[in-house]
Every structure is written in structure tokens, then in C-alpha cells.
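A.B. asks: Dropping the structure in here first, questions after.
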Amino acid sequence: MSEGEHPGTDDAREPAGATPPLDESIRAIGAAGRATLSAHGDSLRALRALFSADVALARSALGRGLAWAGVAVVFGASAWLLATAAGVALMQRLGLSWLVSLSVAALFNLAITGLAAWRTSRFFDYMGLHATRRQLSRMGLFDEHGGDDDGDGPDGGHDRGRGTGDANAPAPASAASGAPATGGTPA
């Protein structure tokens, strides 16, 4: 047999570089499509198994983390109460009355509570997805203010005075102090 010949064919056949018959090409394409579909199915099954394993691990970690957070809260609160009681006893020993000692401890605790509540509200404000909502509004996909009635720009005037930032988004602490911004969530 010569180089371009196939066994079982006659001498009056096409040259070696000729295209195969249409039905053979269609079968080859169909087989390749089925193989591709099978590979995608295998990939999706593997991804689902990985996702299920990750969710199970996260669920277990969440439960254990919450349990240890509960232990930390209980022991931290009892330590704080004991420290407050020791501070009240020390102030009473230094000559202050019980009423004044308890009042000083209560005012200190109220001040810390107010600070914590203020910081909590500031961090909850970051959960408002302000930048995402602003971009969706600019794209016309989400408009919480009902159009461009109250502003003179494409964003409804929400960025007035702050450049491209959001009027409702908290400014980073470094912007107020003049320090360079480092990115991330301010402490």
C-alpha cells in the first residue's frame, strides 16, 4: 500500500487531503458534542460535591464558632462584672460613698456602651452596599430615588461635594486625618 491509501477502498477514490463524507463529519461532531456535554456534566457534579463539602464544613465551623463565642461572652461578661465590682470597692475604700462609687462605674459603663453602639451603627452602615447601588442606579438597573428629580447630574446629585463617593457612605478615618488611605474597612 502506498502512503495515501486506506485499506478496503478501491483505486478510484479521492486524494488523501480530501474532506470526509458529510454523514461521517456529522457523526464525529455529534460524538465530540456528547463528549463535551459529558465532561461538563462531570465537572458540574464535581463542583456540586465540592460545594456540598464546603457548606458542610462551614456549617460545622459556624456551630463550633458560635459555641466558643458564647463561652467567650459569658466569661468576658463575668470578668467585666468582677472588674467593675473591684473598681467600686476600690473607690469606696478610697473614701467615696457607695452611691458615688456605683454612679462612677455606671457612667463609665454607659459611656462604653454608647461608644460601642455608635461604632456598631457606623459598621452596619457599610452593609448598605452604597457603591453597588450607586453603580446599578447609574446603569439604570436600580433606582431607589425614583429618577433624576432631585439632582442635576446623571446620578441624581447624590455625589455633590464628595467627588465620586456616595453621600451616605461613611468617609474613611484616614480622609479626615489627612493620612493616606490604605483601603479596607477602617477600625
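The values are calculated or read from the model by the stated rules, or taken from the named source; none is laboratory data. Here the structure is a predicted model, which is why all the values come from computation and not from measurement. Here the Cβ is made from the backbone with ideal geometry for all residues, glycine too, and neighbour counts use every protein chain on show. Areas reflect the complete protein model, heavy atoms only, side chains present, ligands, DNA and RNA absent. Shrake-Rupley method; radii C 1.70, N 1.55, O 1.52, S 1.80 Å.
A.B. asks: I need the phi-derived Karplus couplings for segment 131-140: 6.51 cos²θ - 1.76 cosθ + 1.60, θ = phi - 60°, integer Hz, Gly and Pro marked x.
C.D. replies: 5, 5, 5, 5, 5, 5, 5, 5, 7, x
A.B. asks: Determine the gain in length on full extension of the stretch A131-R93; use 0.36 nm per residue of separation and subtract their C-alpha separation, reporting nm with one decimal. Each step should come with its number before you reach the end.
C.D. replies: Working: separation 38, 0.36 × 38 = 13.68 nm, distance 5.50 nm.
Length gained between A131 and R93: 8.2 nm.
A.B. asks: Kindly report, to the nearest 10 Å², the accessible surface of S78 as traced by a 1.4 Å probe over protein heavy atoms only.
C.D. replies: Its heavy atoms expose roughly 50 Å² to the probe.
A.B. asks: For the pair A46 and L115, what calculated FRET efficiency results from E = 1/(1 + (r/R0)^6), where r is the Cβ-Cβ distance and R0 = 45 Å, to the nearest 0.05?
C.D. replies: Working: r = 49 Å, r/R0 = 1.09.
So, using R0 = 45 Å, E works out to roughly 0.35.
A.B. asks: Ok, one more. Under a 1.4 angstrom probe, counting protein chains only, how are I112, I26 ranked by accessible area, largest first? Present the calculation step by step, with values, prior to reporting the outcome.
C.D. replies: Numbers: I112 80, I26 105 Å².
Order by accessible area, largest first: I26, I112.
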